[in-house]
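The values are calculated or read from the model by the stated rules, or taken from the named source; none is laboratory data. Since we're looking at a predicted model, the values are computed, not measured. Methodologically, a virtual Cβ is constructed for each residue, glycine included, from the backbone with ideal geometry; neighbour enumeration extends over all protein chains shown. Accessible surface is based on the protein model in full, side chains and every heavy atom, while ligands, DNA and RNA are left aside. Shrake-Rupley method; radii C 1.70, N 1.55, O 1.52, S 1.80 Å.
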Amino acid sequence: MDESSTERTPLAIAAEINRIKQETCKIMLTNALEIGKRLKEAKDLLPHGEWGKWLVESVSYSQRKANKLMQLYKEYGDKLFPDGAGEGRSNSPTWANLTYNQALLLLGIPEDEREEFILEQDVNNITIRELNRALKEQ
């Protein structure tokens with residue numbers, strides 16, 4: 001085997017790291033949606049006034065964190081889980097490549113304007129810093 005073909009370079013390692021980071025962010029969003037779905041289900045089942053106590057004792061979440069996760073599910077669940085089962089991501093390029101951090105930031109855009117913003121800003125190919133800047137300009 002040729003030694004140069006197995007040689008690792010900083011550029012190749014950086015590409016691997018960036019790919020792993022991107023995959024991790026997608027997994028984080030998928031799992032956040034799954035958690036949000038289950039939090040909503042639990043909240044609907046609990047008696048009035050028991051929600052906050054249940055969050056602390058059962059899953060160690062603040063109400064703010066739980067609300068954010070439920071909001072993510074409400075806003076993106078049907079777009080990323082079109083069958084409602086949460087078992088597969090949408091094939092739509094608009095939604096399929098969002099990361100957890102992008103999805104959180106995009107909650108600041110009204111739902112009816114979000115898809116157009118994602119496409120116009122090419123959200124899947126900009127950094128979080130650039131996304132923040134674009135959102136402030138919006």
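In segment 126-137, of all residues being more than 15 Å from the chain's Cα centre (by Cα) and loosely packed, with under 11 Cβ neighbours inside 10 Å, the one that is nearest to Gln22 (Cα to Cα) corresponds to Arg129. Applying the condition of being part of a helix (DSSP H, G or I) and open to solvent by 70 Å² or more (accessible area, probe 1.4 Å) to segment 55-66 and asking which residue is nearest to Leu104 (Cα to Cα) yields Lys65.
Residues of segment 21-47 being basic (Lys, Arg) and open to solvent by 60 Å² or more (accessible area, probe 1.4 Å), which ones?
Answer for segment 21-47, where residues must be basic (Lys, Arg) and open to solvent by 60 Å² or more (accessible area, probe 1.4 Å): Lys21, Arg38, Lys40, Lys43.
Select from segment 71-84 the residues that are open to solvent by 30 Å² or more (accessible area, probe 1.4 Å) and either modelled with pLDDT of 90 or more or on the phi > 0 side of the Ramachandran plot (or both) and list them in ascending order. Residues satisfying the conditions are Gln71, Tyr73, Lys74, Gly84.
Open to solvent by 30 Å² or more (accessible area, probe 1.4 Å), outside any loop (DSSP other than H, G, I, E, B) and more than 24 Å from Leu107 (Cβ to Cβ): is that true of Asn18 in this structure? Here the answer is yes, as Asn18 does meet what is asked. Within segment 85-111, if we keep just the residues that are more than 17 Å from Ala32 (Cβ to Cβ) and modelled with pLDDT under 90, the residue that is surrounded by the fewest Cβ atoms within 10 Å (Cβ to Cβ) turns out to be Asn91.
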